[in-house]
1. Select the strands (runs of 3 or more DSSP E) contained entirely in segment A:18-113, then report the ones holding at least 2 residues which are under 23 Å from B:TYR88 (Cα atoms).
2. Which members of segment A:18-48 meet the condition of being closer than 13 Å to A:GLU75 by Cβ and either at the interface with another protein chain (Cβ under 8 Å from one of its Cβ atoms) or not β-branched (Val, Ile, Thr) (or both)?
3. Just to be sure before I move on: is B:ASP1 acidic (Asp, Glu) and over 19 Å from B:ASP55 (Cα atoms) in the structure I sent?
4. Being out of contact with any strand residue (DSSP E or B) (no Cβ under 7 Å at 6 or more places or on another chain), at the interface with chain A (Cβ under 10 Å from one of its Cβ atoms) and either closer than 19 Å to B:LYS5 by Cβ or charged (D, E, K, R) (or both): is that true of B:GLU42 here?
5. Would segment B:2-13 turn up any residue that is at the interface with chain A (Cβ under 9 Å from one of its Cβ atoms), surrounded by fewer than 16 Cβ atoms within 10 Å (Cβ to Cβ) and not polar (S, T, N, Q)?
6. Would you say B:ALA91 is within 14 Å of chain A (Cβ to nearest Cβ), over 16 Å from B:LYS5 (Cα atoms) and in contact (Cβ under 8 Å) with a residue 40 or more places away in the chain?
7. Kindly establish whether A:LEU11 is among the hydrophobic types (A, V, I, L, M, F, W, C), modelled with pLDDT of 95 or more and either assigned to a loop (DSSP other than H, G, I, E, B) or over 12 Å from the mean Cα position of the chain (by Cα) (or both).
Amino acid sequence: DSGVTQTPKHLITATGQRVTLRCSPRSGDLSVYWYQQSLDQGLQFLIQYYNGEERAKGNILERFSAQQFPDLHSELNLSSLELGDSALYFCASKPRDLNTEAFFGQGTRLTVV
Amino acid sequence: DQQVKQNSPSLSVQEGRISILNCDYTNSMFDYFLWYKKYPAEGPTFLISISSIKDKNEDGRFTVFLNKSAKHLSLHIVPSQPGDSAVYFCAASALGGNTPLVFGKGTRLSVIA
């Protein structure tokens, strides 16, 4: 158990809909990262938050947004969903921006039909 | 442009032999490198890391080698065990951990009994 909790584990929704994925980082971790893994692809970095502030942005679509709340949990909002958004979405956390490993949650598998 | 490349999508090794997984990178700013292991339906799990000030780091059966001039790192698993069968991701970050991890596409290792 990495200590990072993601909910829900599975999500099936229709095109055009909006969903929210939730991540609770390890206790005390200030940094939260969101990654997307599509079929046969590596993990693509989407966005990072550090202590409530957006820290870095990667290949995140404009239809996607995220935030980190005062209790440090984070939510990733995906809207106007398309079939191509079907993927595994992982959240990871680190204590600070140091040369240490990031701990990953088990992911949310999103299927858009 | 892929900054971290794992050119072998898959590797098959007999139990007890050495497994060597390779990774190349293009960004000379990377100074921290990690290997993650991923089983199906689970999040990536940290395996071993190396800082750019070292050229080797060992942890039990796992050794990571870094060749900065060639921008190449490798993960050696000796001896390989069936439980090592998983997808292995190489990842890198820059600026003392202040940038998000950049992942390769992964290598699927199969250890045959």
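The values are calculated or read from the model by the stated rules, or taken from the named source; none is laboratory data. Note that the structure is a prediction, hence the values are computed from the model and not measured. Because the Cβ atoms are built from the backbone with ideal geometry, glycine has one as well, and the counts that use them run over all protein chains shown.
1. Once the strands (runs of 3 or more DSSP E) in segment A:18-113 are filtered for at least 2 residues that are under 23 Å from B:TYR88 (Cα atoms), what remains is A:31-37, A:44-50, A:87-94, A:108-112.
2. Residues satisfying the conditions are A:ARG18, A:LEU21, A:ARG22, A:CYS23, A:SER24, A:PRO25, A:TRP34, A:LEU46.
3. Considered against the rule, which asks whether it is acidic (Asp, Glu) and over 19 Å from B:ASP55 (Cα atoms), B:ASP1 comes out as yes.
4. Yes; evaluated as a whole, the condition is true for this residue.
5. Yes.
6. So B:ALA91 fails the test.
7. Yes.
Residue-wise test of (1) basic (Lys, Arg); (2) in contact with a Leu (Cβ under 6 Å, 6 or more places away or on another chain); (3) surrounded by fewer than 21 Cβ atoms within 10 Å (Cβ to Cβ); (4) over 27 Å from B:THR107 (Cβ atoms).
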| position | (1), (2), (3), (4) |
| --- | --- |
| A:THR20 | no, no, yes, yes |
| A:ASP29 | no, no, yes, yes |
| A:TYR35 | no, yes, no, no |
| A:LEU39 | no, no, yes, no |
| A:LYS57 | yes, no, yes, yes |
| A:GLU62 | no, no, yes, yes |
| A:SER65 | no, no, yes, yes |
| A:ASN77 | no, no, yes, yes |
| A:LEU88 | no, no, yes, no |
